[in-house]
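I have placed the structure first, in the form of structure tokens, so that the comments after it can refer back to it.
The values are calculated or read from the model by the stated rules, or taken from the named source; none is laboratory data. In this text the structure is predicted, and so the values were computed from the model without any measurement. We place every Cβ from the backbone using ideal geometry, glycine too, and count neighbours over all the protein chains shown. Surface accessibility is based on the protein's heavy atoms, side chains included, excluding ligands, DNA and RNA. Shrake-Rupley method; radii C 1.70, N 1.55, O 1.52, S 1.80 Å.
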Amino acid sequence: MAQSLCKLYVHIVFHIKTTSPTIKTEHLERLHEYIGQLVNTTGCKVIRVGGINDHVHVVCLLSKDVTVSHLIEELKRNSSRWIKTLDSRYANFAWQGGYAAFSISQSVVEKTIEYVSKQEEHHRQMSFNDEYIHFLELYQINYNEKYVFTD
């Protein structure tokens, strides 16, 4: 029987809906831990989850049996449901419909982990919108700015 060998690093970014309450600082660590557990539940392997009060970054190894879209659907659906149990302020919490996912070369995995770990520091100097556009341009992804930040 042939063996399938695969090691695909993925950097995922998704944002809250514009009508959604932001995530309280005291809930961020728990949310990131929960999203990490969800990654592992899908058969993928979490490496780092980070972000600030309005968006999340996930670095993981993608399972050979899971599509990126399925992974993100599971993360967003289950974490949205879970965060609503933390506080009544999250009653209308939701993630935006879209997301970004980027492949990561083995040579920049550590740099990406460090970047995700330092989100709070990073966003003192750069907005989420600027960060997102920077990644889209870095990875040469064709996009229409009219639709990038819509819910």
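What to note about this one:
- Relative contact order (%) - criterion: Cα under 8 Å, at least six apart; region: the chain: 31 percent
- Cα-derived Rg over Rh, computed across the stretch 10-58 with Rh taken as Kirkwood radius: 0.98
- Prolate/oblate/rounded call for the stretch 96-151, Cα gyration tensor, a/c under 1.5 rounded: oblate
- For residue 101 and residue 117, the difference between the fully extended length at 0.36 nm per residue and the C-alpha to C-alpha distance is 4.0 nm.
- Listed residues 102, 46, 75: farthest to the positive end of the dipole of the stretch 19-148 (Cβ charges): 75
- Packing order of peptides 19-26, 100-107, highest average first: 19-26, 100-107 (average count of other Cβ atoms within 10 Å over each peptide's residues).
- Highest mean first, the peptides 47-54, 134-141, 88-95, 60-67 sorted by other C-beta atoms within 10 Å per residue fall in the order 47-54, 60-67, 88-95, 134-141.
- Per-residue ellipticity at 222 nm from helix content only, as computed over the chain with -39500 (n - 2.57) for each DSSP H run of at least four residues, stands at -12000 deg cm²/dmol.
- Its convex hull of Cα atoms gives the stretch 1-124 a direction-averaged projected area, equal to a quarter of the hull surface, of 8.1 nm².
- Greater than 24 Å apart at Cα, pairs in 111/146; 24/76; 7/111; 84/118; 17/146: 111/146; 84/118
- Rounded accessible area per residue of the stretch 82-151, 1.4 Å, Å²: 67 Å²
- Prolate/oblate/rounded call for the stretch 47-109, Cα gyration tensor, a/c under 1.5 rounded: prolate
- Positive dipole terminus of the chain, leading residue within 59, 2, 13 (C-beta point charges): 2
- Carbon plus sulfur fraction of accessible area for the chain, probe 1.4 Å, in percent: 47 percent
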